[in-house]
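Student: I have a structure I would like to understand better, so I am pasting it below and will then ask my questions one at a time.
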Amino acid sequence: MQEVESKDKLTSEDEEEGEEEAKPKKKKKTPVQEQTGLESFLERNNPKKVIFPNITDLATWKKKYKVDDDVKVFICTGGYPDIKKSLKKRGWVQNKDADSPCFDFKWVLKSKDINHNTLNDNQLVNHFSKAAAITTKVGLCHNLKNLIWFNNVDIDTFYPRCFDLAIQEELEDFIQEFKAVKAESYLKTFVRELRESGGDKKTSVDDKVLKVALRVCEKRLRDLDEMIDDPTAFQELVTDDEWKVLGADELTAETLAVKKHEDWMAKNEVMQAEKRKQDRAEEKKKKKKKKPKKLEGAGEEDKEEEEEDIIDDEDEDKNKEDQDQNIAAKNPDFRKAIKQLAELKKKYPQFNLNGDKNIWIIKPAGSSRGRGIVLYKQLVEILDLCKQKESQYIAQKYMENSLIVKKRKFDIRQWVLVTDWNPLTVWLYGEPYFRFPASDNNSVAKYAEGSTVSFPIEGNMWSLDEMKSHLSEEFGWDVWEDKLKDQSKNIVINCLESVQDMFECKKGCFEMFGFDLMVDDDFNMWLIEVNSSPAMDYSTQVTERLVKLVSEDIVKVVVDYPNAKKKSSCDVGQWECIYKAKRIVDKPMASFGLNLVCEGKKIAQNKLSYF
């Protein structure tokens with residue numbers, strides 16, 4: 001499945017500027033029967049309807065429509081009025097036949113609307129073929145592992161761990177990882193609760209569970225060299241007996257069945273309540289009762305809170321160290337736990353991301369826009385979901401330490417433009433935007449130390465300037481410029497490097513991707529997913545301004561820049577070429593149709609004959 005974000009809003013600019021579109025000589029119309037709306041829609045969307053099917057040559061098309069030979073022709077479907085406007089401003093004319101091969105430039109919503117086999121070197125199109133290598137959840141999960149062949153970068157430093165549950169080996173790896181992180185979460189809970197009580201209260205972690213958790217975490221810390229020298233070292237990370245202890249709070253098959261029934265009942269009740277709500281709304285409409293408007297500013301006093309004083313970092317660390325010494329004197333296991341956690345943090349880049357609740361995101365490999373995504377912390381529920389043969393799922397570690405802004409999590413939409421795969425050429429748009437959920441995440445925000453008072457965010461979206469201003473005010477330094485900006489560039493480059501030999505690249509192809517990123521409370525940036533055909537609608541004031549800018553700037557890069565005599569002085573707007581490979585990547589043998597897989601076959605032993 002290819003991630004596609006379609007337009008929700010369109011302006012009428014392309015209709016207003018219709019005088020620049022190519023038109024044949026007008027003929028006098030004869031009266032026809034007026035079409036219904038449905039008939040008109042079906043006629044416009046008839047895939048078999050072809051305008052002048054015999055015209056397959058651009059020169060012939062121009063002659064038919066009386067267009068000068070030096071005038072460029074474009075096709076643009078799916079809306080995108082600002083792309084059309086930018087091209088028309090340069091004197092281009094539009095070919096309205098979406099299936100016509102007569103064009104110099106073609107912009108469409110989906111890659112399947114482009115016939116890559118018939119393209120010539122002079123035609124520009126806005127999609128590569130086989131982009132699913134990174135624009136599907138399962139494609140990204142698999143192909144990022146190829147990065148090691150191109151760059152010495154550990155993907156665990158920028159991509160939350162991900163497993164394809166449809167592959168038996170990865171399913172087994174996920175189960176072991178789930179159990180190991182469960183042990184780690186017990187140690188974190190044990191340490192946190194002792195620190196909160198000063199070591200004076202017993203924690204919620206049972207002594208038997210604590211001992212098993214310490215033993216499992218110790219096994220995770222063993223070096224490969226030690227394991228080679230010790231023949232007993234290659235045992236399961238978490239044995240069945242150990243999991244009986246660690247997973248004592250897990251649902252059984254019986255309790256899972258009860259839970260599924262209760263969930264169904266609750267869902268049904270919600271649906272019934274929603275139906276009753278709709279029925280009441282319909283009744284109110286019939287009675288023409290107007291709902292009184294709320295007074296502006298009502299309830300503002302409920303949102304006012306005093307900001308907590310921020311403790312100096314050095315004093316806080318010293319106080320924590322003194323406190324730990326006192327707790328360790330009372331509880332010897334505390335010292336073991338903090339030592340193991342410190343070593344785990346050094347060894348595993350995603351230690352902080354793990355949190356202490358062991359939450360995982362389960363995503364359908366073929367869905368988009370967050371559909372079907374569920375959070376789980378029970379292994380039995382995840383395995384039960386995997387039994388459904390009609391769907392393929394991936395499991396990804398949930399970020400339990402997301403940076404909280406105004407009591408809300410947020411993600412970053414970063415536009416990226418690839419103009420060539422061989423050599424890989426990457427452009428990054430200078431102004432990303434930041435998206436917030438529709439309401440305050442109070443369940444998360446109550447654990448966010450030093451979080452400021454929440455307030456409504458217009459359109460649930462911020463511009464880069466708004467985010468930079470907030471972070472600087474909140475933390476006292478330029479977090480974006482000093483910490484986050486370079487991380488976003490590196491993540492984009494590393495991600496694209498991992499698939500650079502998988503695309504069928506023709507000169508003239510380019511594509512804009514929407515990278516979704518998140519930030520944790522240590523200001524580390526993480527890649528969530530990559531989208532093709534990112535949203536270009538005017539959903540908010542932020543996106544309306546940015547979409548108009550990026551549309552014009554795309555044309556500057558793909559149309560103006562290649563033809564510029566002095567490329568260093570060519571205006572490319574806010575696009576920055578952040579990477580251009582110095583070498584051409586050889587295609588893998590598989591791309592030439594060769595199969596070099598080596599397969600084993602069992603030797604058939606001849607039966608002995610005794611006569």
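Read-outs: derived from the displayed coordinates by stated rules, not from any lab. Please read these numbers as outputs of a predicted model, since none were measured by experiment. Backbone-built Cβ (ideal geometry, glycine too); neighbour counts: all protein chains shown.
Student: Under a crude label model (7 Å from the Cα following the beta-carbon direction), how far is Lys582 from Ala248 in nanometres?
Tutor: So the label points at Lys582 and Ala248 sit 5.9 nm apart.
Student: At a 10 angstrom cut-off on C-beta neighbours, averaged per residue, how do the peptides 108-117, 486-495 rank from highest to lowest?
Tutor: 486-495, 108-117
Student: When His470, His127 are ordered from fewest to most other Cβ atoms inside 10 Å of their Cβ, what list results?
Tutor: His470, His127
Student: A 24 angstrom limit on the alpha carbon distance is what I want to check against. Which of Lys179/Lys363; Lys506/Lys556; Lys106/Lys548; Lys179/Lys485; Lys201/Lys336; Lys483/Lys507 exceed it? Before the final figure, lay out the partial values.
Tutor: Details: Lys179/Lys363 20 Å; Lys506/Lys556 20 Å; Lys106/Lys548 18 Å; Lys179/Lys485 35 Å; Lys201/Lys336 18 Å; Lys483/Lys507 36 Å.
Listed pairs above 24 Å: Lys179/Lys485; Lys483/Lys507.
Student: Could I have the simple spin-label model distance between Asn115 and Lys377, label points 7 Å from Cα toward Cβ, reported in nm to one decimal?
Tutor: 5.6
Student: Hey, another quick one. For a Förster distance of 30 Å, can you work out the FRET efficiency between the beta-carbons of Asp478 and Glu218, rounded to the nearest 0.05?
Tutor: The computed FRET efficiency comes out at 0.15.
Student: Turning to a different aspect of this structure: For Leu341, project a label point 7 Å along Cα to C-beta. Then give me every residue of the range 174-188 with its amide nitrogen under 19 Å of that point.
Tutor: Of the residues in the range 174-188, 179-188 have backbone N under 19 Å from the label point off Leu341.
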